[in-house]
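Trainee: Pasting in a structure now, in structure tokens, and then I'll have a few things to ask.
The values are calculated or read from the model by the stated rules, or taken from the named source; none is laboratory data. Since we're looking at a predicted model, the values are computed, not measured. Every residue, glycine as well, gets a Cβ built from its backbone with ideal geometry; the counts of neighbours run over all protein chains shown. Heads up: the accessible areas ignore ligands, DNA and RNA and are worked out on the full protein's heavy atoms, side chains in. Shrake-Rupley method; radii C 1.70, N 1.55, O 1.52, S 1.80 Å.
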Amino acid sequence: MSENKIKYGLKNVHYAPITESDGVIAYATPVLIPGAVNLSLSASGDKLEFYADDVEYYEEQVNNGYEGSLEIAVIPDSFRVDILGDTIDGNGALIENANAKPNKFALMFEFNGDAKKVRHIAYYVSGSRPNVEGSTKTSSKEPKTDSMDITVRPHPTNGNVKAKVKEGTAGYDDFYTAVYVENAAINTLTAITAAFSKGAPADVEVDVTSTDATNAVKNVMLDDANIGGVYLTPNGVDVDIDSAVFATLDNGDYIVTVEFDKGNSVMGIVTVSD
């Protein structure tokens, strides 16, 4: 068995915004943060000790998660809006307001030097505003980066702090399409009508298998644009897309994404031709 000796090459850093309603936490679709530089997390929590009968009568390690920092080449505007609470005005300017309420998020990442290619997720994360830094040009160029303090705390309802998924296990291939939760439903695309002919139009069929027998289609998108429900005929985790969706499209390849009530989304390509 291959064992890790060192870790290097932070990559595939994603964030998934959290929404909380009536004590229920939901994760949005993960978003890539390009330009990952460094991630540093230190365990947080004290040792609880109780003495009686002249001995240490009880001892417990308190797990308060982790604290550290995330360094990125440039923190994207999407993160500033989704997580830090910045807004974009009618002119396209990004506005930071003192009264903005930051949002919690899940943080996902992996290391290029990890022999086991493990993918990691921290479930309940908060981030601080990054500092603003810059310097004038000199005889040598030294790139500046954005760095923010982050705090990882236990999930408020189930106490989970983080998880890791190994290559070859359920949930690995679709790790970045939906936040992996404990005993999550694993959805797999088994077949899709890969070709659509305008000369002989027919509904596009998407066949999926799921490890959760009660799972169902929640949303279907074509190149990131939602397909109206009137054009969809769902059946559990399978769905037929009406031919009218493709009949007027230009020839070419289009990505169909199907999201579900539980677990990861799946994607397939449909090629439209005359």
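Trainee: Could you check region 110-131 and list, in sequence order, the residues that are in a loop (DSSP other than H, G, I, E, B), closer than 25 Å to Glu167 by Cβ and open to solvent by less than 20 Å² (accessible area, probe 1.4 Å)?
Mentor: Within region 110-131, the first condition is being in a loop (DSSP other than H, G, I, E, B), and the residues that meet it are 112-118, 128-131.
Narrowing further to those that are closer than 25 Å to Glu167 by Cβ: 112-118.
Within region 110-131, Gly113, Asp114, Val118 meet the criteria.
Trainee: Something else about it: In region 182-235, what residues are among the charged types (D, E, K, R) and touching a residue at least 60 places away in the same chain (Cβ under 8 Å)?
Mentor: Within region 182-235, Lys198 is the sole residue that qualifies.
Trainee: How many residues, within region 60-102, are over 13 Å from Ile150 (Cβ atoms) and not charged (D, E, K, R)?
Mentor: So the answer is 22.
Trainee: Restricting to region 186-200, what's the tally of residues that are part of a strand (DSSP E or B) and either open to solvent by less than 70 Å² (accessible area, probe 1.4 Å) or under 17 Å from Ser265 (Cα atoms) (or both)?
Mentor: Of the residues in region 186-200, the ones part of a strand (DSSP E or B) are 187-192, 195-197.
Then keep just the ones that are either open to solvent by less than 70 Å² (accessible area, probe 1.4 Å) or under 17 Å from Ser265 (Cα atoms) (or both); that gives 187-192, 196-197.
Here the count works out to 8.
Trainee: Please find, within region 38-60, the residue that is modelled with the lowest pLDDT out of those that are within 28 Å of Phe111 (Cα to Cα) and surrounded by 10 or more Cβ atoms within 10 Å (Cβ to Cβ).
Mentor: Gly45
Trainee: I'm trying to understand the selection: among the residues of region 236-271, which are in contact with a Leu (Cβ under 8 Å, 6 or more places away or on another chain), open to solvent by 50 Å² or more (accessible area, probe 1.4 Å) and without any contact (Cβ under 8 Å) to a residue 40 or more places away in the chain?
Mentor: Correct list: Asp240, Asp242, Ile255.
Trainee: If you go through region 147-183, how many residues are open to solvent by less than 50 Å² (accessible area, probe 1.4 Å) and within 18 Å of Thr257 (Cβ to Cβ)?
Mentor: Matching residues across region 147-183 total 7.
Trainee: In addition: I'd like the full set of residues that are outside any strand (DSSP E or B) and either open to solvent by less than 60 Å² (accessible area, probe 1.4 Å) or modelled with pLDDT under 85 (or both), limited to region 65-76.
Mentor: Hits for region 65-76 are Gly65, Ala73, Ile75, Pro76.
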